[in-house]
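Report on the structure given below.
The values are calculated or read from the model by the stated rules, or taken from the named source; none is laboratory data. Worth saying up front: this structure is predicted, and the values here are computed from it rather than measured. Heads up, the Cβs are rebuilt from the backbone with ideal geometry, glycines too, and the neighbour counts pull from every protein chain shown. Side chains are part of the model used for accessible areas, which takes the heavy atoms of the whole protein and leaves out ligands, DNA and RNA. Shrake-Rupley method; radii C 1.70, N 1.55, O 1.52, S 1.80 Å.
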Amino acid sequence: QVQLVESGGGLVQPGGSLRLSCALSGSILSINAMGWYRQAPGKERELVAVSSGFRINVADSVKGRFTVSRDYAKNRIYLQMNSLEPEDTAVYYCYLKGSVEVWGQGTLVTVSS
């Protein structure tokens, strides 16, 4: 069974940093893209950053603050989040698109003083 396992969420003060990790568990024939989405309370799920091949798309709302990186050998993806703001509070979901489409279970990030 193919799963994405996320870690690294938690409570952080405004201006702080967190690093999310996501690891693929199980085998998959091919991976076209991996990335991160988030869903804030009462809002729709939105793209944060997606890595596809050598291209990386980052949402305007997090550009300059969030950085996505991938470990292709280990099928892992990371999201480094700096200068966090209360508006970044959300459940963050890891995403994979390839021979199958997989979503992680989500990890909660709360930015509050």
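Things worth noting here:
- When each of 54, 66 is tested for being more than 23 Å from residue 11 (Cα to Cα) and either under 10 Å from the mean Cα position of the chain (by Cα) or among the aromatic types (Phe, Trp, Tyr) (or both), the lone residue that passes is 54.
- Close pairs (6 angstrom Cβ cut-off, 6 or more residues apart or separate chains): of a type in the set (Ser, Thr, Tyr) in region 77-91, not in a loop (DSSP other than H, G, I, E, B) anywhere: 78/21; 78/69; 89/110; 89/111
- Condition met for residue 25 (closer than 17 Å to residue 7 by Cα, modelled with pLDDT under 95 and either open to solvent by 20 Å² or more (accessible area, probe 1.4 Å) or not aromatic (Phe, Trp, Tyr) (or both)): yes
- Flag for residue 4 being open to solvent by less than 50 Å² (accessible area, probe 1.4 Å) and in contact with a Gly (Cβ under 9 Å, 6 or more places away or on another chain): yes
- Scanning region 41-77 for residues that are touching a strand residue (DSSP E or B) at 6+ places or on another chain (Cβ under 8 Å), closer than 19 Å to residue 17 by Cα and surrounded by fewer than 14 Cβ atoms within 10 Å (Cβ to Cβ) returns a single hit, 69.
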